[in-house]
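What follows draws every value from the coordinates through simple rules; no lab data is involved. Because the structure is a prediction, the values reported are computed rather than measured. Cβ coordinates were reconstructed from backbone atoms using ideal geometry, including for glycine residues, and neighbour counts include every protein chain displayed.
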Amino acid sequence: AQTVTQSQPEMSVQEAETVTLSCTYDTSESDYYLFWYKQPPSRQMILVIRQEAYKQQNATENRFSVNFQKAAKSFSLKISDSQLGDAAMYFCAYRSPPNSGNTPLVFGKGTRLSVIA
Amino acid sequence: NAGVTQTPKFQVLKTGQSMTLQCAQDMNHNSMYWYRQDPGMGLRLIYYSASEGTTDKGEVPNGYNVSRLNKREFSLRLESAAPSQTSVYFCASSEVRFKAFFGQGTRLTVV
């Protein structure tokens, strides 16, 4: 079974600075999907960014980018120019490829990010 | 443009009581899921339904049952609630290759 590990329970960053959240995963599959979700105090789960394993190029979404290292099974999230609204729980998640059926997401335990004004 | 709708948003139960959490999606997704979220544990899968008519156990199915009523609706039932089932419950839906859409969550407290 696939597992996802987030080794940083809590992180903090100064406003306007850059922070990197770590995620590693374990799988024997060669094709899969990786996600970062943000959960603010409202409890809503918001997709931040998505990476397909067969794509070598790292995904980016405005101030959010990933460092996808397939051989190392690492998928870190970089937040640039941090804003107060970025304060939230961040979850890394893994999903098997389509030929495995419509499989569920497997989540890490999360990293709570605080942004200091 | 409702997405995934969960009811209720909050619930307090006494030990031994039963209840059903309702979930409906309007995106014509085949797959639906129930997760629970506990502090320090992330989201853990309780049950999922890959398509209408099928259900499968996830990581933590004990004490729960599910029903995929039709393509839109996927309910989660607690037959005899226990304090260990105090948690936040999320319903989600998705299609292959795409992201999962989540409901707003249900905060359940069992006393």
| Stokes-Einstein at 4 °C, 1.567 mPa s, Kirkwood radius from Cα pairs: D for segment A:1-116 in µm² s⁻¹? | 90 µm²/s
| query | What are the semi-axes of the equivalent ellipsoid for chain B, taken as the square roots of 5 times the Cα gyration tensor eigenvalues, largest first, in whole Å? | reply | 22, 14, 13
| query | Using alpha carbon centroids, what distance separates segment B:1-27 and segment A:4-32, in Å? | reply | 31 Å
| message | What is the distance in Å between the Cα centroid of segment A:47-90 and that of segment B:40-86? | response | 30 Å
| Looking at segment A:26-117, which trypsin sites (Lys or Arg not before Pro) are DSSP coil and have at most 12 other C-beta atoms within 10 Å of their C-beta? | A:K55
| field | Of A:S65, A:Y90, A:T18, farthest towards positive along the dipole that unit charges on Lys, Arg, Asp, Glu beta carbons give chain A | value | A:Y90
| field | Loop-located trypsin sites (Lys or Arg not before Pro) in segment B:46-111, at most 13 other Cβ atoms within 10 Å (DSSP) | value | B:R97
| remark: The answer for chymotrypsin sites (Phe, Trp or Tyr not before Pro) in segment A:1-66 that fall in a DSSP coil and have at most 12 neighbouring Cβ atoms within 10 Å is A:Y54
